[in-house]
Each structure stands twice: as C-alpha cells, then as structure tokens.
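Participant: What follows is a structure written as structure tokens; I'll ask about it next.
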C-alpha cells in the first residue's frame with residue numbers, strides 16, 4: 001500500500017492541478033504492472049503498451065472530470081481491462097473476449113534468485129506450480145503479489161466477490177508452498193526446526 | 001489439517017490484509033509448522049517478472065514514447081493525421097501478429113502458416129518454450145505428459161477438440177501419451193508428423209541438426225513423412241534427414257524457407273535408445289557422436305558457447321553420459337579420452353583445439 005497511496009496522491013494532483021510531474025510519476029509507477037495485465041488479455045506486449053498509453057492519454061484529456069473518481073487504482077485497471085478486451089474483440093478471429101482465457105506467459109513471475117536462497121531448480125518448480133493453476137487464479141495471484149492490489153480492488157476489477165479472491169489466493173499459495181516444501185533442503189528444514 | 005487455514009492467512013499476509021488477530025494466529029501457526037515459514041519467506045519477498053522484466057530505463061523509454069503520442073494528440077495539425085492513419089494500420093498488423101505469435105514463432109512462421117490452416121482456426125494455443133540450459137515438464141489438457149528438452153518449443157491447445165489431439169513441436173520432447181483410441185495423438189514437426197494412440201516416445205527435431213528422429217519406448221507409433229507412413233516397434237528409432245534450403249532468390253527476401261525432405265535413408269534402426277531418452281531423467285547422453293554434434297548438444301544442455309579453433313577435431317567421435325557434472329567437468333572427461341584440448345576464455349566461451 002504505500003504504492004497505492006502514492007497512486008492516489010499523484011492522481012489527485014493531476015486532476016486538480018494538471019501536474020505533469022505527477023503524471024509522469026504515475027506512469028512510471030504503473031507502466032510495468034498495466035502492460036503485463038493488458039498483455040495477458042491481448043497476448044502482445046506491443047499492443048499492450050499502446051493500450052496503456054491510450055489509457056494515460058484519456059487520463060490527461062479528461063483529468064478535470066476524473067477528479068470525482070473515488071478509487072484511482074481501480075479506475076485505471078478497469079480502463080486498461082476494458083480497452084484490452086475491446087482490442088481483443090476487434091481481432092475478429094478471437095472467439096473469447098473475456099478474462100477466462102489469458103496469455104499466462106505474460107503473468108509469469110518467480111522469486112528472484114539474486115535476492116533469495118532459493119535454487120534455480122526450486123524456482124522452476126514454483127513456476128510450474130503457478131502455471132498449473134487456472135488462468136484466472138494466476139491473474140489474481142499476480143494482481144495481489146506483483147501489483148499490490150487490495151482484495152476489494154481485485155474483486156471489483158474482476159467482478160467477483162472478495163471471498164472468491166481470498167479463496168483463489170489460498171489455492172495459489174497452497175500450490176506454491178507445496179512446490180517449495182517438496183524441495184526444502186534437509187539442512188534448511190532442520191534450521192527451521194531448531195530455530 | 002490446519003494447513004488450509006495457514007494458506008488462507010498467508011494469502012492475506014501477501015495482500016497486506018491481515019487483521020491484528022489474524023496476524024497473531026498466523027504467527028502461532030507458523031511456530032507449530034516451521035516448514036511453512038520457508039514458504040512464507042519466499043511468498044513475501046519481491047518477485048520478478050519472467051516475460052518482460054522491465055528496468056527503470058525501459059520504463060523511462062516507454063514514458064518518452066507515450067509523451068510523444070500525447071503531444072501528437074494534443075496539437076492536432078495536418079501532419080499528425082497521416083501519421084495517425086498509418087498508426088492504425090500498424091496497429092492492425094500488430095493485432096493480427098499477436099494471433100500469429102500464439103500459433104507460430106520465428107523459424108517456423110512462414111511454413112506453418114501456409115501448411116496448417118486448421119491450426120489457425122483453433123484459438124487459444126498455449127506455447128511452452130525452454131531456453132538453452134533448461135528443461136521442463138508439462139501435463140497437457142488430456143493428461144498426456146510431455147518433457148521438453150532445452151531450446152525447444154511446444155504448441156498445444158488450451159483444450160483439445162476435434163478428432164485428433166494435435167501438438168506442434170520444434171526441438172526435442174518425450175511424450176507419454178494417455179490412451180484414447182477415439183482421439184489419436186498427433187505430433188507435428190516441419191519434417192514429419194507422428195500419430196499415436198497411447199504410448200511413450202521421443203521426438204527430436206532441431207532444425208539446425210538437419211535430422212528428425214523419432215524413438216519409440218513402448219506401444220506403437222506411425223510416422224508420416226511426405227505421405228509415406230512408417231510404423232515403429234518398441235526400441236526402434238527412425239531418423240529422417242531434413243535439408244533446409246532458402247528459396248528466397250528471385251522474389252522478396254522475406255519468402256519463407258521451404259523444407260526439402262530427402263527420403264534416402266528412411267530405415268528404422270534397431271538400437272539401444274537409452275541415449276535418446278536419458279535427457280528426460282536429467283542425463284546428457286550420446287553414443288558415438290561426432291564432436292561438433294556433441295558440442296552442439298552441450299551448448300544447448302548447459303546454455304553455453306563452444307567453438308572450434310581446429311576444424312578437424314569436429315569429426316572425432318565420442319560417447320558419454322553426464323548427470324551432475326558441470327560443462328567444464330564434462331569436457332575434461334572427454335578430453336581425457338583423448339584427441340583434443342579445450343580452453344575457456346574470459347567471455348566464458350569454450351574453445352576446442
């Protein structure tokens with residue numbers, strides 16, 4: 001949440017004062033998250049960047065009206081979701097224009113081997129565990145883990161109940177924990193036991 | 001088990017949604033289940049993106065591109081109009097490209113596109129890609145297990161429908177196909193397609209190797225090459241030479257490369273196929289293989305670069321099985337059996353002389 005607070009602050013400065021510095025900061029804070037989210041829907045990072053750019057153009061153009069927006073984080077994510085789904089619909093070939101089918105490659109993430117004691121092998125196990133989850137579950141896990149969204153924000157964005165978010169996240173956590181547990185080195189297990 | 005409660009609470013911790021009493025409950029549970037603490041550490045540390053791990057410089061560059069676009073829409077001059085128009089077309093091309101990218105990538109793009117219209121119509125293809133130096137395992141929607149060797153690509157649908165269960169492979173994979181007589185399993189490569197009912201077998205087709213190999217472990221498979229069908233028995237191996245020629249001579253240089261399949265040596269080889277499937281059990285194995293091919297396999301296996309200072313060493317023949325050895329150790333072992341020396345330079349390139 002520090003991030004979400006910052007987003008809120010910047011958004012307000014843009015709407016009330018037309019603050020271009022805040023606008024740039026907002027873009028920096030959200031670009032990577034939104035581009036991954038959009039790419040998961042449209043299946044292309046190129047297109048996703050354009051969609052995110054479109055969302056930000058609208059933010060600037062309509063900044064005065066947007067002062068009334070209560071939850072900027074949800075507003076920005078919902079705009080990105082809608083534009084991504086529209087883009088998908090325009091590709092006539094695509095039969096599915098929902099959040100059920102995702103390009104889960106774009107959602108993929110893993111512990112950083114440089115900042116942890118985890119071996120590459122376990123990281124691969126974790127990736128596989130996440131990959132085995134349903135698309136939507138992977139998305140929820142990412143939105144919480146990587147994007148730092150609140151449960152109620154995820155629920156609103158995906159049009160599901162916060163309880164479902166809770167349950168889905170527990171499933172993802174269980175899968176990841178199982179992958180880690182199987183491979184916990186003995187000495188580490190003991191270190192924990194005698195901690 | 002109280003574990004379900006732990007997963008629930010860990011999820012809430014990740015999301016910073018823990019209530020004070022839940023926080024205390026989690027702490028208590030973690031003391032009772034120290035093994036979960038490790039999972040907690042991993043889950044709460046920061047993770048990185050696999051597909052596009054954007055650096056601050058990448059984000060800055062994207063911001064600059066965005067500001068340029070913002071500038072264009074803000075000052076509507078006549079010069080921006082055609083720019084926007086062509087942008088639309090570009091965008092459309094990207095969208096179509098997006099679909100294409102899901103179906104085929106790079107090397108196969110041209111050929112597959114022409115050859116497999118049906119494949120295009122099936123939406124939501126999944127693609128599994130392994131880099132050099134890494135291998136992976138996946139379970140397909142029908143329950144079939146696939147091990148994907150390094151530097152390979154497998155395209156498969158989110159859900160199989162239609163008569164065949166069809167996947168497309170470039171590289172090497174070991175399949176354990178779940179039996180379903182009504183829905184034959186079909187592996188397509190540019191060189192051949194393999195039709196099976198329920199069996200386990202290995203397919204190796206790296207375009208750079210100019211050879212497509214199918215090895216059968218159990219059951220039976222039919223390999224179709226250029227309308228000819230060959231049936232394999234367990235422990236048989238079929239190798240098909242496959243030559244790539246670039247037809248881009250007269251027309252545009254973007255013309256797709258067309259495979260030319262030579263039917264010369266289409267004979268099943270009765271051989272010990274251990275070497276073909278050892279990789280699946282994390283072993284790098286080869287039998288009487290010329291050193292340049294050994295080097296190629298090692299490059300892929302270890303994700304390293306091996307070059308020859310002395311071209312004549314390429315034809316030396318080697319056999320070997322490596323499991324835990326590092327690349328240096330593996331090369332030392334081969335060096336001991338004679339015929340060549342190797343060095344490693346500052347750029348981590350291995351040189352054979």
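Every number in this text was worked out from the coordinates using simple rules, so none of it is lab data. What you are looking at is a predicted structure, and each value in this text was computed from that prediction instead of being measured. Note that we place each Cβ from the backbone using ideal geometry, even for glycine, and neighbour counts take in every protein chain shown.
Participant: If R0 is 60 Å, what FRET efficiency do you get for residue B:353 and residue A:75 from their C-beta distance, rounded to 0.05?
Facilitator: With R0 = 60 Å, the Cβ-Cβ based efficiency is 0.40.
Participant: Let me ask something additional. If you fit an axis through the alpha-carbon atoms of helix A:45-61 and take the longest principal axis of the Cα set of chain A, what angle between them do you get, 0 to 90°, nearest 10?
Facilitator: Relative to chain A, helix A:45-61 is tipped by roughly 40 degrees.
Participant: Next up: Given a Förster distance of 30 Å, report the FRET efficiency between residue A:128 and residue B:233 from their Cβ-Cβ distance, rounded to the nearest 0.05.
Facilitator: 0.35
Participant: Moving on to the next point. Taking the Cα atoms only, what angle lies between the long axis of helix A:2-17 and the longest principal axis of chain A, rounded to 10 degrees?
Facilitator: The angle comes out at about 10 degrees.
Participant: Obtain the nm distance between the two label points defined at residue B:145 and residue A:64 by a simple spin-label model: each point lies 7 Å from its Cα along the Cα-to-C-beta direction.
Facilitator: 6.6 nm
Participant: Using Cβ contacts closer than 10 Å as the measure, can you line up A:77, B:302 from fewest to most?
Facilitator: B:302, A:77
Participant: Okay, next question. With the Cα gyration tensor of the stretch B:3-42 giving a ≥ b ≥ c as the square roots of its eigenvalues, does the rule (a/c under 1.5 for rounded; else a/b larger than b/c for prolate; else oblate) give rounded, prolate or oblate?
Facilitator: Details: a/c = 1.77, a/b = 1.28, b/c = 1.38.
Verdict is oblate for the stretch B:3-42.
Participant: Taking chain A as a Gaussian network, where each spring joins two C-alpha atoms under 10 Å apart, which residue of A:114, A:65, A:49 fluctuates the most?
Facilitator: Greatest mean-square fluctuation among the candidates belongs to A:114.
Participant: What distance in nm separates the simple spin-label points at residue B:346 and residue B:159, each placed 7 Å from Cα in the Cβ direction?
Facilitator: 5.8 nm
Participant: Can you give the FRET efficiency for residue B:336 and residue B:296, using 1/(1 + (r/R0)^6), R0 = 22 Å, r = Cβ-Cβ distance, to the nearest 0.05?
Facilitator: Given R0 = 22 Å and the Cβ-Cβ separation, E is 0.55.
Participant: By the gyration tensor of its Cα atoms, with a ≥ b ≥ c the square roots of the eigenvalues, what is the shape of the stretch A:2-90: rounded for a/c under 1.5, prolate for a/b over b/c, or oblate?
Facilitator: Here the stretch A:2-90 falls in the prolate category.
Participant: So, in Å, what gap is there between the alpha-carbon centers of the stretch A:31-46 and the stretch B:270-344?
Facilitator: Each part reduced to its Cα centre gives a spacing of 41 Å.
Participant: Relative contact order, percent, of chain A when contacts are C-alpha pairs under 8 Å separated by at least 6 residues?
Facilitator: Computed over chain A, the figure is 19 percent.
Participant: In nanometres, what is the gap between the two model label sites at residue B:281 and residue A:82, each 7 Å from Cα along Cα-to-Cβ?
Facilitator: The two pseudo-label positions are separated by 5.8 nm.
Participant: In nm, what is the difference between 0.36 nm times the number of residues separating residue B:21 and residue B:314 and their Cα-Cα distance? Write out the running numbers ahead of the final one.
Facilitator: Working: separation 293, 0.36 × 293 = 105.48 nm, distance 6.83 nm.
Separation in residues times 0.36 nm, less the Cα-Cα distance, equals 98.6 nm.
Participant: Which percentage, to the nearest 5, of the DSSP beta bridges contained in the stretch B:283-352 is antiparallel?
Facilitator: 65 percent
Participant: Here's something else I'd like to know. Using a 10 Å cut-off around each Cβ, can you sort A:70, B:27 from fewest to most neighbouring Cβ atoms?
Facilitator: Going from sparsest to densest Cβ surroundings: A:70, B:27.
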